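Undergrad: Could you have a look at this structure, given as C-alpha cells, before my questions?
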Amino acid sequence: MNSSLNAARRSRELAEAGDLVVDVLVVGLGATGAGAALDAASRGLSVVAIDAHDLAFGTSRWSSKMIHGGLRYLAKGQVKVAHESAVERGLLLRHTAPHLVRAQPYLLPLTPAVSGGQAATVMTGYRLGDGLRMAARTPRRLLPGPARISAGRALSLAAPLSLNGLRGALLSWDGRLVDDARLVVALARTAASRGARILTRCRALELAGNGARVRDELTGSTFAIRARTVVNATGVWAAQLDPDIRMRPSRGTHLVLRPETLPGLRAGLHVPIPGESNRFALVLPQSDGRVYVGLTDEPVEGPVPDVPQAPEEDVAFLLDVLNSVLGVPLGRQDVAGTYAGLRPLLAAGGRTADLSREHALLTSGSGVVTVVGGKLTTYRRMAEDAVDRVVALGRLGAGGSRTARLPLVGAGAVQEAGAARQAGVVPDRLRARYGSEAGAVRALMAEDPALAEPLPTGITRAELVWAVRHEGALDVDDLLDRRTRIGLVPGDRAAALPAARAALAY
Ligand SMILES: Cc1cc2nc3c(=O)[nH]c(=O)nc-3n(C[C@H](O)[C@H](O)[C@H](O)COP(=O)(O)OP(=O)(O)OC[C@H]3O[C@@H](n4cnc5c(N)ncnc54)[C@H](O)[C@@H]3O)c2cc1C
C-alpha cells in the first residue's frame with residue numbers, strides 16, 4: 001500500500017473510520033504511538049491511529065535528537081535498560097532508519113574545572129558505553145570507540161573552545177537523529193504503507209477498552225471509533241484520558257543558535273555543569289548548521305500546555321554553562337530561538353505499573369493500555385510491549401513483533417532512475433533527510449526550477465510541496481514546525497511563511 005499521507009487520504013479514511021471495528025486504536029502520534037501503529041499494522045492487524053494535532057506535535061519534537069547508547073542507565077546500575085537502549089540504537093543505525101540516524105562525535109573539553117580524577121571516571125564510563133555497543137553488536141565502523149585527544153585536535157573539531165588551560169578532550173560517539181519529527185513522520189508513513197489509517201486533527205475525548213469518542217478538530221464534528229483494543233500513547237497528556245494515571249512532567253529547555261554563531265564546531269560538546277560531578281550540558285550541532293544547547297531538568301506543576309515555553313532563567317543557566325568553555329562568550333542576543341519539552345514521567349505508585357524498564361504499561365479498568373515514559377531511542381521496544389499487551393488482552397491472534405528488521409520509509413539506496421537521474425546529482429542534504437526518496441524530491445525541482453529556491457536552513461520549496469503531497473502536512477504550522485524545523489527561529493519562520501502558504505496551494 002502507498003505510504004503517502006495527505007489531506008485527500010485523511011478525508012477518505014476519516015469517512016471510513018466510523019463504520020469500522022478495528023483491531024487496535026492508537027491514540028497519540030508521537031514516536032510511541034506511531035511506533036505502536038506500525039508494530040500492530042506490520043503484524044497484520046487493522047489499525048486506526050489518531051492525534052489531536054499533528055504527527056510529532058508533542059514531546060517527540062522537543063528532544064535533544066540523540067539516540068542513546070544507554071550509558072546513563074548503566075551509571076544508575078540499570079544494566080538491562082542500558083543494554084536495551086544500545087540494542088535499539090543499533091537497530092536504527094543498521095536496519096530500520098540508517099538514513100535518519102548518524103554517529104555523532106562529542107568532546108568533553110579538559111579545562112581546569114575538570115580534575116584528572118573526574119576525567120578518568122568519565123573515560124571509564126565511555127569505555128563501558130563502548131562495551132554496550134559491542135554487546136549490542138553494533139560495529140565500530142558505525143560508532144567509533146572513545147579516545148583522549150590533544151588540545152590541538154580538540155580545536156580542529158571544535159574551534160570555539162577556549163584555549164585557556166585546555167589540556168585536551170575526551171572524544172566519544174553516540175547516535176543522533178537528523179530530526180526527531182522526521183522519525184515520527186517516517187514511522188507513521190511506514191505504518192500507513194502497511195494499511196494503518198493515520199488521522200491527524202482527531203482528538204480522543206473519552207477512551208474505553210472498546211473504542212473512543214473522537215472529535216474532528218477541523219470540523220468540530222464528533223463520532224465514535226470502535227476497536228477491539230485501545231492503546232493510549234498520549235505521553236505527558238496520558239492522565240487526561242485515564243484519571244487513574246499520575247504524571248510528574250519535567251521540563252527540558254534547549255537554546256537554538258544560528259549556524260554562524262559558533263563557526264568551526266564539527267563535534268558536539270559535553271560541558272560539565274559547575275558544582276555537579278556527573279551532570280553535563282550538551283552542545284549539539286545539527287545537519288542544517290544550527291546548534292542546540294541543552295538541557296535543563298525542572299519539575300513542572302499544573303496543567304500541561306500544548307506547547308511548553310522556555311523561561312528566561314533556563315536560558316541564562318544554559319548560556320552560563322556554555323560560556324564556561326568558549327573562547328568568546330555568547331550573550332542573550334546570540335540566542336536565535338529556544339524550545340522546551342516535557343518529559344512524560346510517571347509519578348511513582350499506581351496500579352499495574354511495570355517499571356522494570358524505563359517505560360510503563362498500565363491497563364485501566366475498562367481495558368485501555370497506556371504506554372508511557374521511556375525515550376525516543378526505545379520507542380520501538382515500547383511499541384512492541386504495548387502491542388504484545390493488547391494482542392493478549394483482546395486475544396487478537398497475531399504473531400510477535402516484526403519491526404526490529406523492518407526498514408522505515410526512506411531507508412535504502414536513493415532511487416535515481418528516470419526523472420531523478422535527469423534532475424542531476426542528489427545533494428547530500430536531501431539524502432540525509434529523505435534517504436531513498438531524495439531523488440523524487442530532487443525531481444520536483446527539475447519539473448519546476450522555482451521549487452529549488454532555498455528558504456532558511458537550506459530547505460527548498462520542493463520539500464514543502466513534498467510534505468503536503470506525501471508527509472501529511474495540512475497547514476503552515478505542520479510545514480514550518482514539524483516537517484521542517486525552520487520555525488525554531490522566529491525570524492526564519494516569518495521569512496518562510498509565504499513559501500509555506502504557496503506550497504499548500506501549489
Ligand atoms: C527536553 C527533552 C529532551 C529529550 N531528549 C531525548 C533524546 O535526545 N533522546 C531520546 O531518546 N529521548 C529524549 N527525550 C525523551 C523523548 O523525547 C520522549 O520520551 C518521547 O518523545 C515521548 O514520545 P511519546 O510518543 O510517548 O509522547 P509525545 O511525543 O508527547 O506524543 C503524544 C501525542 O499525543 C497527542 N495527544 C495528546 N492528547 C491527545 C488526545 N486526547 N487525543 C489524541 N491525541 C492526543 C499529542 O498531540 C502528541 O502528539 C527527551 C525529552 C525531553 C522533554
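The values are calculated or read from the model by the stated rules, or taken from the named source; none is laboratory data. Computed from a predicted model, the values in this text were never measured in an experiment. Counting neighbours? That spans all protein chains shown, and the Cβs are built from the backbone with ideal geometry, glycine included. The protein model used for the area step is the full one, side chains on, heavy atoms only, and it has no ligands, DNA or RNA in it. Shrake-Rupley method; radii C 1.70, N 1.55, O 1.52, S 1.80 Å.
Undergrad: Hey, what do the phi angles of the range 377-391 turn into as Karplus ³J(HN,Hα) couplings, whole Hz, using 6.51/-1.76/1.60 and θ = phi - 60°, x for Gly and Pro?
TA: Result, rounded to whole Hz: 3, 9, 4, 5, 5, 4, 5, 4, 4, 5, 6, 3, 5, 6, 4.
Undergrad: With a sphere of radius 14 Å drawn around the Cβ of residue 501, what net charge do the other residues whose Cβ falls strictly inside it have (Lys, Arg +1; Asp, Glu -1)?
TA: -1
Undergrad: Over 10 Å intervals from 0, what percent of Cα-Cα pairs in the range 80-180 sits in each interval?
TA: 15, 40, 30, 14, 0
Undergrad: Taking H placed 1.01 Å from N in the peptide plane, check which residues at least 5 places from residue 359 or on another chain put their amide H under 5 Å from its amide H.
TA: Excluding prolines and chain starts, which carry no amide H, the hits are 374.
Undergrad: Sticking with this structure for a sec: If amide H atoms are built 1.01 Å from N in the plane of the peptide, which residues on other chains or at least 5 residues away come under 5 Å of the amide H of residue 211?
TA: 227
Undergrad: Quick check: net charge around residue 37, other residues with Cβ under 10 Å of its Cβ, Lys/Arg +1 and Asp/Glu -1?
TA: +1
Undergrad: Hey, got the Cα dimensions of the range 366-506 along the principal axes, in Å, largest first?
TA: Per principal axis, max minus min of the Cα coordinates gives 54, 37, 25 Å.
Undergrad: Over all Cα pairs of the chain, how is the pair count split among 20 Å bins, expressed in % and running from 0 up to the last occupied bin?
TA: In whole percents, the pair-distance histogram is 23, 57, 19, 0.
Undergrad: Now for a different question. Take the range 142-270, compute every pairwise Cα distance, and split them into 10 Å bins from 0; I just need the percent in each bin.
TA: Histogramming the range 142-270 at 10 Å steps yields 9, 23, 24, 16, 16, 10, 2 percent.
Undergrad: In Å, what is the Rg of the alpha-carbon atoms in the range 1-128, and how long is Dmax?
TA: According to the Cα coordinates of the range 1-128, Rg and Dmax are 20.5, 67 Å.
Undergrad: Additional query: For the chain, with every protein chain kept in place, what is the accessible area per residue (1.4 Å probe, Å²)?
TA: On a per-residue basis, 39 Å².
Undergrad: While we're on this one: Give the value in nm², to one decimal: projected area of the alpha carbon convex hull of the range 68-114, averaged over all directions.
TA: Taking a quarter of the hull surface, the average projection is 4.3 nm².
Undergrad: Return the sequence-ordered ³J(HN,Hα) values of the range 207-217 in whole Hz as given by the Karplus equation 6.51 cos²θ - 1.76 cosθ + 1.60 applied to θ = phi - 60°, using x for Gly and Pro.
TA: 10, 9, x, 10, x, 8, 8, 10, 10, 6, 6
Undergrad: What is the set of long-range amide H partners of residue 67 at a cut-off below 5 Å, with H atoms built 1.01 Å from backbone N?
TA: Sorted by chain and number, the residues that satisfy this are 175, 176, 177.
Undergrad: Assign unit charges at the C-beta atoms only (+1 for Lys and Arg, -1 for Asp and Glu), then state the dipole size of the chain relative to its Cα centre in Debye, rounded to the nearest 20.
TA: Dipole of the chain, to the nearest 20 debye: 1540 debye.
Undergrad: I'd like the Karplus ³J(HN,Hα) series for the range 396-408: coefficients 6.51, -1.76, 1.60, θ = phi - 60°, whole numbers in Hz, and an x wherever there's a Gly or Pro.
TA: For the range 396-408, the Karplus curve yields 7, x, 9, x, x, 5, 10, 7, 4, 10, 9, x, 7 Hz.
Undergrad: Out of the total accessible area of the range 35-112 (probe 1.4 Å, heavy atoms of protein only), what percent is carbon and sulfur?
TA: After summing per-atom areas, the C and S share lands at 59 percent.
Undergrad: Continuing with this model, one more query. With a 1.4 Å probe and every protein chain left in place, tell me how much accessible area residue 167 has, in Å² to the nearest 10.
TA: About 100 Å², rounded to the nearest 10.
Undergrad: Another question about this same structure. Need one number: convex hull volume per residue for the range 428-476, Cα atoms only, in Å³.
TA: 79 Å³
Undergrad: How large a share of the accessible area of the range 250-407, in percent, is made up of carbon and sulfur atoms when the probe is 1.4 Å and the other protein chains stay in place?
TA: 51 percent
Undergrad: Report, to one decimal in Å, the Kirkwood hydrodynamic radius for the range 208-282 based on all distinct Cα pairs.
TA: 17.7 Å
Undergrad: Against the longest alpha carbon principal axis of the chain, how many degrees, from 0 to 90 and to the nearest 10, is the axis of helix 180-193 turned?
TA: Between the helix axis and the principal axis of the chain, the angle is about 30 degrees.
Undergrad: Could you work out the helix-only [θ] at 222 nm for the chain, with each DSSP H run of four or more residues adding -39,500 (n - 2.57) and the total divided by the number of residues, to the nearest 500 deg cm²/dmol?
TA: -9500 deg cm²/dmol
Undergrad: Please give the net charge around residue 194, taking every other residue with its beta carbon less than 12 angstrom from that of residue 194, where Lys and Arg add +1 and Asp and Glu add -1.
TA: Overall, the nearby charge balance is +3.
Undergrad: Which order do 370, 219 take when ranked by solvent-accessible area (1.4 Å probe, heavy atoms of all protein chains), largest first?
TA: I get 219, 370, largest accessible area first.
Undergrad: So what's the gap between the Cα centers of the range 1-44 and the range 206-267, to the nearest angstrom?
TA: Computed from Cα coordinates, the inter-centre distance equals 16 Å.
Undergrad: Which value in Å does the Kirkwood hydrodynamic radius of the range 202-248 take, with 1/r averaged over all unlike C-alpha pairs and then inverted?
TA: Kirkwood radius, the range 202-248: 11.4 Å.
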